[in-house]
Amino acid sequence: MTDTVRVALAERSYDIHVGEGLLPRAGALIAPILHRPRVAVITDETVAAHHLDSLREGLAVQGIAMEALALPPGEATKGWPEFTRTVEWLLDQKVERRDVVVALGGGVIGDLAGFAAAVLRRGVRFVQVPTSLLAQVDSSVGGKTGINTRHGKNLVGAFHQPSLVLCDTGILDTLPPRDFLAGYGEVVKYGLLGDAAFFDWLEAHGPALAHGDRAARIRAVRRSCEMKAEIVARDETEQGDRALLNLGHTFCHALEAATGYSDRLLHGEGVAIGCLLAFELSARLGLCSQEDPSRLAAHLRQMGTKVTLADIPGDLPDADGLLELMAQDKKVMDGKLRFILARGIGQAFVTSDVPSDTVRAVLTDALRARNG
Ligand code: GLY
């Protein structure tokens with residue numbers, strides 16, 4: 001069974017296919033957008049070991065040849081040295097203006113390969129084949145591409161929409177459980193920001209999904225992609241509504257900076273904790289009832305992922321230190337932090353009107369609970 005979600009962006013519209021066994025069918029799915037039967041694949045060494053042969057065979061069924069570059073796995077790859085290497089390699093492969101680059105990997109590979117495609121010969125098309133849950137429900141869709149610099153994450157990049165996204169949910173079986181659950185932080189975000197019925201469904205089916213329920217995985221990835229597609233179609237370059245996708249991210253980015261972007265806290269874990277803090281903040285501001293953050297905390301606990309600051313090992317700065325890290329977030333506008341708050345589950349909105357004393361109070365309480 002394959003579901004298809006359309007991202008409606010006029011001449012840059014594209015399909016997201018969601019289902020099992022898409023890699024073996026990659027040739028048939030990609031062939032319609034090719035001008036000649038060859039593609040250049042960017043991947044990482046870990047993903048290549050698991051999935052590159054399957055992609056190669058899937059393409060070969062349609063007579064499509066491929067060359068592949070496997071980069072080292074990990075966030076450190078997403079910088080200038082590996083980016084330069086990738087662009088030069090694509091030119092070595094004589095990738096032409098009408099050719100297609102395939103990004104086979106998680107968020108690091110998708111962002112880097114997408115950015116390489118955006119600038120190569122002033123822009124070639126690319127296909128996202130996301131292999132992590134986080135990449136399937138978030139980073140592969142919507143056209144944000146880029147790399148990190150010494151000044152921070154994702155500070156250099158381009159909006160460059162893929163021509164096709166293949167979310168093979170069977171691939172998720174090869175993910176370590178912690179990575180899968182981290183990706184779940186982004187799934188739950190969609191229910192929280194705009195679809196209370198989806199959140200209800202996740203409460204009922206989340207544990208089965210984590211334990212490998214295939215139909216539940218397809219449904220969760222499809223609903224997440226549908227919601228992202230709707231938001232991106234409304235606001236491709238984040239002038240307004242797209243910022244809703246950053247629910248939990250202002251807190252998350254401060255916590256990631258505080259933990260040195262290390263495996264003390266994976267991005268999706270920070271999103272889950274950040275969503276809970278955003279709901280705590282919303283409740284404290286009288287926007288939603290205290291029942292909403294309590295319900296979210298109970299669901300995250302049920303899933304076995306990180307829930308609060310107490311779940312982050314090692315030292316953390318105090319509330320003022322965290323506020324300072326938040327102030328460096330790239331979502332600061334005219335010196336004001338933008339928050340995504342909620343009037344209830346499924347009812348998020350964007351605001352810059354949040355008193356920093358209230359944010360400090362939420363952080364102080366969260367740190368106090370952590371320190372017992
Ligand atoms: N990951 C947030 C966005 O694509 O806008």
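For the range 134-176, the set of residues classified as part of a helix (DSSP H, G or I) and at pLDDT 95 or above consists of 134, 135, 136, 137, 138, 139, 169, 170, 171, 172, listed by residue number.
Scoring residue 250 on the criteria (1) polar (S, T, N, Q); (2) open to solvent by less than 40 Å² (accessible area, probe 1.4 Å); (3) modelled with pLDDT of 95 or more leaves a single failure, condition (3). Just to confirm my filter: which strands (runs of 3 or more DSSP E) fall fully inside the range 1-114 and include at least 3 residues that are of a type in the set (Ser, Thr, Tyr), open to solvent by 20 Å² or more (accessible area, probe 1.4 Å) and free of Cβ contacts under 8 Å to residues at least 60 places away in the same chain? Output list is empty. Scanning the range 220-264 for residues that are more than 13 Å from the ligand (Cβ to nearest atom) and under 18 Å from residue 317 (Cα atoms) yields a count of 12. Scanning the range 166-201 for residues that are within 16 Å of the ligand (Cβ to nearest atom) and of a type in the set (A, V, I, L, M) yields 182, 187, 188, 192, 193. Determine if the range 65-75 includes at least one residue that is under 22 Å from the mean Cα position of the chain (by Cα), over 19 Å from residue 44 (Cβ atoms) and within 16 Å of the ligand (Cβ to nearest atom). The answer is no; no qualifying residue exists.
For the range 311-326, the set of residues classified as in a helix (DSSP H, G or I) and open to solvent by 60 Å² or more (accessible area, probe 1.4 Å) consists of 320, 324, listed by residue number. If you go through the range 115-134 and keep only what is in contact (Cβ under 8 Å) with a residue 40 or more places away in the chain and either open to solvent by less than 10 Å² (accessible area, probe 1.4 Å) or more than 16 Å from the ligand (Cβ to nearest atom) (or both), you end up with 116, 117, 125, 127, 129, 131, 133.
The values are calculated or read from the model by the stated rules, or taken from the named source; none is laboratory data. Everything quoted here is computed from the prediction, not taken from an experiment. No Cβ is skipped: glycine too gets one built from the backbone with ideal geometry, and neighbour counts run over all protein chains shown. Surface areas here come from the heavy atoms of the whole protein model, side chains and all, with no ligands, DNA or RNA. Shrake-Rupley method; radii C 1.70, N 1.55, O 1.52, S 1.80 Å.
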